[in-house]
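First up is the structure itself, then whatever we jot down about it.
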Amino acid sequence: MVNNRNKDDQNKQPGREGLSRRAFLRAGGMVIVASGAGGILVACGDEASSVTNPSPGANIVPVADAGSPAAGSTQAAGLTRAAAITAAATTKAAIDPGMGGGPTPTPTPVVASAATALEAAGRFLKLWEDSRFDDMYGMLSISAKATIAQEKFTSRYKAITDEATLTKVTTTLPTSLSVSGGAPTSLEVPFHADFKTVRAGDFSQDNKVRLHFEDGQWKVEWSPAAIFKELTDSTYLVHMYLSSSTRGSIFAANKFPLTATDIQYEVYVVPGQIENEQQLLLTLSQTLQMDQNKIKDLYKDGQPDWRMPIKKLPSSTPESVINGLRDLAGVGVDEQGIRSYPQHQSASHTVGYINKVSADDLKTLAAKGYTEDDIIGRTGVEAWAEGTLAGGFGGKLTVISPDGQTKSTLAEKKVTPSSHMLLSLNMDLQKRVEGILGDNVGSIVVMDVTNGAVLALANFPTYDPNLFVTGITQEQFNSLNNDPRKPFQNRAVNAQLPTGSTFKVITASAALERGGFNMQSTFTCTGRWTGLGEAFAKSCWLKTGHGKISLFEGIVQSCDVVFYELGKKLDEIDPNILPDMAKAYGLGVPSGMQGLYDSPGQVPSPKWKSETLNQPWVRGDAVNLAIGQGYFLASPMQLALVYAAIANGGQVHVPRLAEQAIDPQTNGISRAFPVQTRTVPVGANNLAQIRQALTNVTQVSQGTARASFIGSRVVVAGKTGTAESGQEAPHAWFACFAPANKPRYVVVAVVEHGGEGSAAAAPLARKVTDILPY
């Protein structure tokens with residue numbers, strides 16, 4: 001059995017008993033070089049060793065005793081703890097001639113005066129501003145150096161910089177000093193210091209630097225009070241009490257919970273409290289289903305009073321099991337609150353997941369206030385809304401006595417409250433659409449054409465985000481990560497694929513607006529097209545040809561020859577007409593989606609090809625683009641924007657998954673995400689004719705999707721697409737809106753390598769349109 005101290009009491013009374021691993025090392029005078037899952041690499045003097053976790057507790061920094069630590073980083077330099085130690089050593093080698101192997105120059109003697117003292121104080125403080133702690137030490141007096149070694153001096157400044165989350169120190173000196181009598185030998189120079197910290201905000205104080213004239217130079221009579229004037233006692237410590245908000249929840253429409261707070265149990269061993277190791281190992285092995293040697297490896301290097309984590313157990317673990325573990329001498333069980341995802345695999349790509357901040361993360365996130373103990377959203381809404389869900393970090397920077405009593409507060413910043421996120425996602429619809437998609441590798445998007453609200457984003461394959469919270473095994477991760485079907489990819493917004501004939505509505509828009517064509521313009525399709533010469537002959541999907549056919553019927557029957565000809569003619573007028581129309585519909589750039597980070601896709605153009613491939617644009621590029629092939633790529637969400645714009649009369653909406661941020665205290669709206677639109681450069685009459693052609697696709701016998709929509713609940717307007725994929729089976733697409741005469745919803749379905757759009761994707765879209773509420 002282990003006596004667990006109250007966590008709040010630990011924060012109030014930091015000492016070496018029950019400290020976190022990092023804090024214990026700091027209190028013990030060790031320099032932290034690097035940390036990871038296996039332990040912390042520390043250095044004491046010139047030696048390094050590997051140690052493992054002590055018990056958790058306060059994170060404190062000694063500032064006076066000879067064992068003061070090095071943080072391993074200066075926040076001002078934006079370095080990790082380990083990187084800063086390397087950087088500090090490198091910097092010293094670069095600026096200290098004594099480290100280069102050559103002789104150290106003899107300083108030029110100066111006259112003892114107020115002016116030279118002021119200049120010396122300025123140099124010392126400038127070195128502090130620049131984090132050149134080794135050079136600061138070089139300015140210390142003989143008596144000051146006798147009290148502290150250079151390594152300890154440097155590590156002290158680094159540790160306090162790290163603990164205080166200092167990003168900048170700015171000092172100001174008076175313009176002159178008044179000195180009575182003859183040449184001074186000792187002076188106190190006043191200065192003003194402004195400090196910027198990540199966690200406690202900004203603060204300032206007036207202080208003094210004491211100087212002594214010796215050997216023809218002004219030297220600094222240093223004490224810890226030169227850092228913060230409150231460090232008047234040699235035993236005082238600097239400590240930052242960290243604070244943060246409870247992470248906000250994520251809800252679907254009607255406040256359907258997509259996240260929840262659950263508990264898990266962490267089983268740990270305290271080596272010094274083990275009474276019968278053989279019995280302990282046997283019991284833990286049987287209860288935790290772990291090898292005894294593996295268990296012992298996890299605690300054998302711990303100090304007697306350190307808590308050495310062994311395994312996490314889910315909240316479903318029977319109480320009798322937990323109590324049995326707690327009754328075992330040397331074993332303890334902590335109850336921890338964790339994020340959970342009650343919908344498991346449903347909408348998992350949309351919701352995303354969180355996990356702990358890593359050492360690599362801290363290279364950029366430390367400047368934002370994150371520590372190794374924090375969590376961060378990795379994907380989905382969890383990542384996109386990180387600032388809203390996490391709130392802003394706070395902290396209280398204090399000077400404390402060794403027994404944890406606060407002696408003074410240097411600065412304090414309150415946390416910025418977190419908020420809940422309310423999404424437009426309809427979870428009943430989401431689950432039904434996921435069921436319709438089934439095990440087809442691909443995605444389905446459902447969006448409101450009137451305002452851009454995202455109602456469903458179905459993907460397959462998927463994964464359970466709870467794995468990343470409770471602890472995913474390497475085998476589980478490898479299985480998911482190496483799956484060629486890419487279960488981690490949010491296909492609905494991040495898959496970038498050629499869209500085939502679904503692009504033809506954009507080509508038609510450009511032809512009607514800029515090419516001098518109308519819906520009655522006629523073409524001849526023999527099944528083979530040689531508009532670029534016999535060497536570049538292309539085929540229509542209907543090998544026997546469509547004969548004489550209008551642009552209107554070219555959309556209905558998806559005649560490739562019509563669009564080859566349009567691509568060629570538009571390129572002859574201006575090679576940018578077709579690329580510019582695609583961009584006007586929102587393709588080729590991220591949509592600015594509210595709620596998720598989406599991919600930009602790719603719209604080829606003369607400029608793009610020259611800059612990206614260093615190749616000239618040729619007419620064949622325009623012909624390929626006209627049928628949604630070649631270098632063109634888009635996501636299902638982007639295609640939904642195109643068809644929504646055609647449906648609603650030309651408004652391209654920014655997709656809106658995030659509806660509102662909700663204040664947890666008041667349930668009021670702390671932030672709204674407004675409808676944002678832009679207008680495509682296509683006339684109302686031309687859009688109306690395109691809508692009618694798309695309606696005929698599902699309603700007349702020659703329509704390519706007629707077979708899939710016989711007996712449908714509502715009249716649907718849409719377009720099939722079969723896109724070459726680079727493999728034998730093409731990507732199958734269907735994009736549509738319903739009802740055709742008064743559009744409310746847009747639905748886009750894609751089955752990767754699924755074959756023909758009319759056979760693989762259109763039936764899925766039909767099933768979705770049949771279940772939508774009208």
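Computed from the coordinates by the stated procedures, all read-outs in this text should not be read as laboratory data. These numbers come from a predicted model, not from an experiment. Neighbour counts run over all protein chains shown; Cβ positions are idealised from the backbone, glycine included.
Are there any trypsin sites (Lys or Arg not before Pro) in segment 515-566 that are in a DSSP loop and have at most 12 other Cβ atoms within 10 Å? List them by number.
Numbers: sites: ARG528, LYS538, LYS543, LYS548; in loops: LYS543.
Sparse-neighbourhood loop trypsin sites (Lys or Arg not before Pro): LYS543.
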Heads up, segment 410-495 by the C-alpha gyration tensor (a ≥ b ≥ c square roots of eigenvalues; a/c under 1.5 rounded, else a/b over b/c prolate, else oblate) looks oblate
Between (1) 113, 64, 52; (2) 107, 71, 51; (3) 87, 61, 52, the structure-derived Cα extents along the principal axes in Å is (2)
Between the Cα axis of helix 150-163 and the main Cα principal axis of the chain, the angle (0 to 90°, nearest 10) is 40 degrees
Computed about the Cα centre, the charge dipole of segment 358-482 from +1 Lys/Arg and -1 Asp/Glu charges at the Cβ has a magnitude in debye, to the nearest 20, of 480 debye
So, with points 7 Å from each Cα along the Cβ direction, the VAL715-SER701 label distance in nm works out to 2.0 nm
Of the residues GLN289, PRO309, LEU258, the Cα lying farthest along the dipole of segment 250-394 towards its positive end, which is defined by charges on the beta carbon of Lys, Arg, Asp and Glu, belongs to LEU258
Two pseudo-spin positions, 7 Å from Cα along C-beta at ALA359 and at GLU188, lie apart in nanometres by 4.5 nm
Final fewest-first order of ARG199, ARG485 on the 10 Å Cβ neighbour count is ARG485, ARG199
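Which trypsin sites (Lys or Arg not before Pro) in segment 663-718 sit in a loop by DSSP (not H, G, I, E or B) and have at most 14 other Cβ atoms within 10 Å of their own Cβ? Could the numbers behind the result be given before it?
Values: sites: ARG671, ARG678, ARG691, ARG706, ARG713; in loops: ARG713.
Of the trypsin sites (Lys or Arg not before Pro), the ones in loops of segment 663-718 whose Cβ has at most 14 other Cβ atoms within 10 Å are ARG713.
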Note on segment 164-319: alpha-carbon gyration tensor, axes a ≥ b ≥ c; rule is a/c under 1.5 for rounded, else prolate if a/b larger than b/c, else oblate; result oblate
Of all trypsin sites (Lys or Arg not before Pro) in segment 561-651, the ones in DSSP coil with at most 10 other Cβ atoms within 10 Å are none
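Might you report the magnitude of the Cβ-based charge dipole of the chain about its Cα centre, with Lys and Arg at +1 and Asp and Glu at -1, to the nearest 20 debye?
Numbers: 69 positive and 71 negative charges, 426 e Å.
For the chain, the charge dipole is close to 2040 debye.
Efficiency by 1/(1 + (r/R0)^6): what FRET value for ASN741 and ASP301, r their Cβ-Cβ distance, R0 = 45 Å, to the nearest 0.05? Write out the running numbers ahead of the final one.
On the way: r = 74 Å, r/R0 = 1.63.
Step by step, r from the Cβ atoms, then E = 0.05.
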In nanometres, the difference between 0.36 nm per residue of separation and the alpha-carbon distance of GLN489 and GLN278 is 71.3 nm
Taking a crude spin-label model, label points 7 Å out from Cα along the C-beta direction, the HIS344 to ARG378 distance in nm is 2.0 nm
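Provide SER610, SER178 in ascending order of the number of other Cβ atoms located within 10 Å of each residue's Cβ, fewest first.
Values: SER610 12, SER178 6.
Ordered from fewest to most neighbouring Cβ atoms within 10 Å, SER610, SER178 come out as SER178, SER610.
What shape does segment 495-534 take by its C-alpha gyration tensor, where a ≥ b ≥ c are the square roots of the eigenvalues and a/c under 1.5 counts as rounded, a/b above b/c as prolate, and the rest as oblate?
Numbers: a/c = 2.14, a/b = 1.12, b/c = 1.91.
In terms of gyration-tensor shape, oblate.
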With Cα coordinates, the longest principal axis of the chain makes an angle with the long axis of helix 560-573, in degrees rounded to 10, of 70 degrees
Of segment 692-725, those with amide N under 19 Å from the point 7 Å along the Cα→Cβ vector of HIS753 are 722-725
The extension gain from GLN476 to THR666, computed as 0.36 nm times the residue separation minus the Cα-Cα distance, is 64.3 nm
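Between exposed GluC sites (Glu not before Pro) in the chain, where DSSP calls loop and at most 13 other Cβ atoms lie within 10 Å, what's the longest gap?
Segment 276-727 is the longest.
For LYS255 and ILE573, calculate 0.36 nm times their separation in residues minus their Cα-Cα distance, and state this gained length in nm to one decimal. Before the final figure, lay out each step's value.
Numbers: separation 318, 0.36 × 318 = 114.48 nm, distance 5.29 nm.
In short, 109.2 nm is gained.
In what order do LEU532, LEU587, LEU281 fall by count of nearby beta-carbon atoms within 10 Å, going from fewest to most?
Ordered by Cβ neighbours within 10 Å, fewest first: LEU532, LEU281, LEU587.
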In degrees, nearest 10, the alpha-carbon axis of helix 762-771 is tilted away from the dominant principal axis of the alpha carbons of the chain by 80 degrees
